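Enquirer: Just dropping this structure here.
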Amino acid sequence: MAADGLVLSIDGMGGDAGPGTVVEGVAIAARRWPRTRFLVHGDAAQLTPLVSRHAGLSAVAGVRAAERAIGMEMKPAQALRQGKGTSLWNAVEAVKDGEAHAAVSAGNTGAFMAISMFRLRTMAGVHRPALTAGIPNARALTTVMLDVGANVEADASQLVEFAIMGEAFFRALYGVERPTIGLLNVGAEDQKGHEEIRTAARLIRDRRIDMDFRGFVEGDDICKGGVDVVVTDGFTGNIALKSIEGAARLVGQFLRESLTSGPLAQAGAALAYPALKKLRKRMDPSTNNGAVFLGLNGVVVKSHGSANAEGFAAAIDVAVRLARSHYRDEIARNIARLGAGAETTAEQRDAS
């Protein structure tokens, strides 16, 4: 590791826009984090000239040649069989080997997760990793939701693990000492929901997990900002996330149509331009870019495949903040407490 700062491992070939956008994003991040170094993996013939175009970037960003890249259409199992030596594989491998503190990619999500799990493995006591998403809310901060697609199903213990990981993640990323946590349910009452969600709530309370747990929250609480972290299984979380994204695009379309419907509307849009620009920035997915695979022995951050340079730089920001934090130590402590509570419960059951 570099003694004077962090080292980030970058998949230079991932994403819809190609390596030019990735390198431009690295250049933006390098200006924000001048003590950070970057290892950019991919086709050296493409990456080296791109790096050299940005003043001073060559001094902090080294290109690591990779023979191939993983396409967006490749299945996770195929990526595990054929991915060795690709830019994505090598980016993760640098974290495993201790060369880098975190890996960032805008490439194939399934392949990225499969390779990360295979090379880094899950933390002790964590059964499954979870994928996060940041969602704008009515308050100043972002709502973090997990899982949003890594696991189709999750039992009660795994939901508690997600809550533990999400709480530590939110604190590390946003500096909130006591983030509020809620379990996504069909109602706020204790008797609502299926058995796994009710059992998860009991486990958090009975085993005295160190978090500000607010009980059950409903779907509309995600965007209202009812809690800081919303916990659910990957099936429900992915549907909720895609529904919110679709609704946001629809509102944007309706707004554009209304503001261009005639001369008076266009004149009003011109007068409201500063406010509309502020709204657009707040709703821009790039502002909340940077999903994280929590629960692994290393920091891996997934950028939107369609992210522009600013969006990719935002994903790097997430990687830097997490790599500088102790969030994995906090996860380990609460996971150990969860396990100790399970052992105590088993001993009490045997004694009776």
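Enquirer: Using only the Cα atoms, what convex hull volume per residue in Å³ does segment 134-217 have?
Expert: About 101 Å³ per residue, rounded to a whole number.
Enquirer: Just to be sure I understand: if I project the alpha-carbon convex hull of segment 135-287 onto a plane and average over all orientations, what area do I get in nm²?
Expert: Computed as one quarter of the Cα hull surface, the answer is 10.0 nm².
Enquirer: What are the ³J(HN,Hα) couplings of segment 198-215, residue after residue, when phi is run through the Karplus curve with 6.51, -1.76, 1.60 and θ = phi - 60°? Round to Hz, x for glycine and proline.
Expert: 5, 5, 4, 4, 5, 4, 4, 6, 5, 8, 6, 5, 6, 7, 8, 8, 9, x
Enquirer: In nanometres, what is the gap between the two model label sites at E218 and H127, each 7 Å from Cα along Cα-to-Cβ?
Expert: According to this spin-label approximation, the distance is 2.9 nm.
Enquirer: Give me, ordered by chain and number, the residues 5 or more places off R64 or on other chains with an amide H under 5 Å from its own placed amide H.
Expert: Counting only residues 5 or more places away or on other chains, the set is V40, H41, G42.
Enquirer: Oh, and also: Let me see the P(r) profile for the chain: every Cα-Cα distance counted, bins of 10 Å, each bin given as a percent of all pairs.
Expert: Bins of 10 Å from zero give 5, 24, 30, 23, 12, 4, 1, 0 percent of pairs.
Enquirer: Also, I was wondering about something else. Can you sort F170, F162, F254 so the residue with the fewest Cβ neighbours within 10 Å comes first?
Expert: Neighbour counts put them in this order, fewest first: F254, F170, F162.
Enquirer: So for segment 233-328, Kirkwood radius off the Cα pairs, Stokes-Einstein at 10 °C and 1.306 mPa s: how many µm² s⁻¹?
Expert: 100 µm²/s
Enquirer: Within straight cross-link reach of K242, meaning Cα distance under 18 Å, which lysines are found once same-chain residues fewer than 8 apart are removed?
Expert: K224, K302
Enquirer: Turning to a different aspect of this structure: Need the full-extension length gain, E196 to S157, defined as separation in residues times 0.36 nm minus the C-alpha distance. One decimal, nm.
Expert: The span from E196 to S157 would gain 13.2 nm if fully extended.
Enquirer: For segment 226-242, take each phi angle, set θ = phi - 60°, evaluate the Karplus expression 6.51 cos²θ - 1.76 cosθ + 1.60, and give the result in whole Hz per residue in order, putting x for glycine and proline.
Expert: Result, rounded to whole Hz: x, 9, 6, 10, 9, 10, 7, 7, x, 5, 5, x, 5, 4, 4, 4, 5.
Enquirer: In addition: Put a dot 7 Å past each Cα toward the Cβ at K84 and A44; how far apart are the dots in nm?
Expert: With each label point 7 Å from Cα toward Cβ, the separation is 2.1 nm.
Enquirer: In whole Hz, what ³J(HN,Hα) sequence does segment 143-148 give by Karplus (6.51, -1.76, 1.60; θ = phi - 60°), x for Gly and Pro?
Expert: So the Karplus estimates, Gly and Pro as x, are 7, 9, 10, 7, 8, 10 Hz.
Enquirer: If we sort 129-136, 8-15 on the protection proxy, mean other Cβ atoms within 10 Å, highest first, what's the order?
Expert: Listed from highest to lowest mean packing, they are 8-15, 129-136.
Enquirer: For F216, enumerate residues with amide H under 5 Å from its amide H, sequence gap 5+ or separate chain, H modeled in the peptide plane.
Expert: When sequence neighbours closer than 5 places are left aside, the close amide H contacts are L183.
Read-outs: derived from the displayed coordinates by stated rules, not from any lab. None of these values were measured; they are calculated from a predicted model. Cβ coordinates were reconstructed from backbone atoms using ideal geometry, including for glycine residues, and neighbour counts include every protein chain displayed.
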